[in-house]
Amino acid sequence: MRKLLRIFGVVVLLAAAAAAIYWHRATAVMREAGPHTQPVELVVKPGATVRSALADLEKLGALSDRRAVELFLRARGWPQIKTGHYEIAAGASPEEILRQLREGRVVLEALTVIEGWTFADMRHAVEAHAEIKVTLRGQDVAGIMTAIGHPGEHPEGRFFPDTYRFAGGTTDRELYALAYRKMADTLDAAWNARAAALPLASPYEALTLASIVEKETGLASERPRIAGVFTTRLRRNMRLQTDPTVIYGLGASFDGNIRERDLRTDTPYNTYTRNGLPPTPIALPSREAIEAVTRPLETGDIFFVATGNGDGSHEFSATLEAHNAAVARYLARLRGARSRGAGVPR
């Protein structure tokens, strides 16, 4: 019996020693740099377990000893990991990888909403994005505004043009809500810092005029001066007479060419036939356009026309006679460009 007890004691000691050695190995493995020398991409799908994630990491060559990692986790506890698309850094240790999965530090996708787009343009980009979960497809614009908590509001101009970064699987509703808040904050800040005695009654009127300035501006530095032309016209009760509003009012019937009859065709957006601002914005304006209309550069000019120099610049005039001369110069450059086979100058 004593001999058996001695043998059993030796076996226990050997097992304990082996367990200690293996535990030491498992602990070391957790902190060792991974065998992968390049970043690897890991997708953790809904319902995935830590074991399945470790198996995927092993297949990707990012784990040197999966069993040692599992032993460590059985002893210390299995972490909760978050779903998503991850980029695992080259040489990341199992400890670093699990921390990344636990914290949900996923690869961020991107959506760029461009200044001057319409809401329809933005919606098309959102619904075409492979990593955005589309939940509002088929809803009319009223339904979308209700879904983001702003029923009864027209969507045009309400969403801030920017590059948005988000985790894959983010919903369209979440992105619309984010862009709406960013535009509201931008508009509030600009309105609170506005120049005195603006001929604009509300932040919404500023947003509407900013959308026109955005569409009329080819050279960014001219935004405040273009805004100043429009605010001067509003002060003098002159019609704005701006083509982009006419084009917006034509909607799908606009074929790319604006004609004299279009300028005479009355719509709520035709600023040749109607006084004041159109009923809504006509595009998504940039921060710079909003700031331009809340602090415009008024020089007494009430007209502008493209120079045709190719840089998007305009020639500004304070009188109709000077404006007509500027238009004649532009038309002459246009004819010259066409005779040379060049494109239409801006």
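The values are calculated or read from the model by the stated rules, or taken from the named source; none is laboratory data. This structure is a prediction, so every number in the text was calculated from the model and none was measured. Glycine also receives a Cβ, built like all others from the backbone with ideal geometry; neighbour counts cover every protein chain displayed. These area figures cover heavy atoms from the full protein model, side chains too; ligands, DNA and RNA do not enter into them. Shrake-Rupley method; radii C 1.70, N 1.55, O 1.52, S 1.80 Å.
Might you let me know whether segment 137-155 holds any residue that is in contact (Cβ under 8 Å) with a residue 12 or more places away in the chain, charged (D, E, K, R) and crowded, with 16+ Cβ neighbours inside 10 Å? Within segment 137-155, not a single residue is in contact (Cβ under 8 Å) with a residue 12 or more places away in the chain, charged (D, E, K, R) and crowded, with 16+ Cβ neighbours inside 10 Å. D243: more than 21 Å from G157 (Cβ to Cβ) and acidic (D, E), yes or no? It is false that D243 is more than 21 Å from G157 (Cβ to Cβ) and acidic (D, E). When segment 258-314 is filtered for residues that are assigned to a helix (DSSP H, G or I) and under 18 Å from R223 (Cα atoms), the ones remaining, listed by number, are R287, E288, A289, I290, E291, A292, V293, T294. When G251 is tested against (1) closer than 22 Å to G157 by Cα; (2) in a loop (DSSP other than H, G, I, E, B), only condition (2) is not met. Just checking, how many residues over segment 30-56 are among the hydrophobic types (A, V, I, L, M, F, W, C) and outside any strand (DSSP E or B)? The number of residues fulfilling the criteria is 7. In the condition set (1) touching a residue at least 40 places away in the same chain (Cβ under 8 Å); (2) open to solvent by less than 40 Å² (accessible area, probe 1.4 Å); (3) hydroxyl-bearing (S, T, Y), T163 is compliant with all but (2).
When segment 185-223 is filtered for residues that are within 19 Å of R236 (Cβ to Cβ), open to solvent by 20 Å² or more (accessible area, probe 1.4 Å) and touching a Lys or Arg at 6+ places or on another chain (Cβ under 7 Å), the ones remaining, listed by number, are A195, P199.
The rows are residues; the columns are (1) out of contact with any helix residue (DSSP H, G or I) (no Cβ under 7 Å at 6 or more places or on another chain); (2) under 13 Å from V293 (Cα atoms); (3) modelled with pLDDT of 95 or more.
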{"position": "S211", "(1), (2), (3)": "yes, yes, yes"}
{"position": "E214", "(1), (2), (3)": "no, yes, yes"}
{"position": "L219", "(1), (2), (3)": "yes, no, no"}
{"position": "R223", "(1), (2), (3)": "no, yes, yes"}
{"position": "I226", "(1), (2), (3)": "no, yes, yes"}
{"position": "T242", "(1), (2), (3)": "no, no, yes"}
{"position": "A252", "(1), (2), (3)": "yes, no, no"}
{"position": "G256", "(1), (2), (3)": "yes, no, no"}
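Residue-by-condition table, conditions (1) of a type in the set (A, V, I, L, M); (2) open to solvent by 50 Å² or more (accessible area, probe 1.4 Å):
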position: G251; (1), (2): no, no
position: R264; (1), (2): no, yes
position: P285; (1), (2): no, no
position: V293; (1), (2): yes, no
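Residues checked against (1) in a helix (DSSP H, G or I); (2) over 20 Å from K215 (Cβ atoms); (3) not charged (D, E, K, R):
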site: G143; (1), (2), (3): yes, yes, yes
site: P155; (1), (2), (3): no, no, yes
site: R158; (1), (2), (3): no, no, no
site: L187; (1), (2), (3): yes, no, yes
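Of all the listed residues (A26, A75), the sole one being part of a helix (DSSP H, G or I), surrounded by fewer than 17 Cβ atoms within 10 Å (Cβ to Cβ), out of contact with any His (no Cβ under 6 Å at 6 or more places or on another chain) and among the small types (G, A, S) is A75.
Of all the listed residues (G276, G312, G300), the sole one being surrounded by fewer than 16 Cβ atoms within 10 Å (Cβ to Cβ), at pLDDT 95 or above and either of a type in the set (S, T, Y) or closer than 30 Å to A252 by Cβ (or both) is G276. Taken over segment 169-184, the criterion of being within 13 Å of M122 (Cβ to Cβ) and surrounded by 19 or more Cβ atoms within 10 Å (Cβ to Cβ) is satisfied by D172, L175, Y176, A179, Y180, M183.
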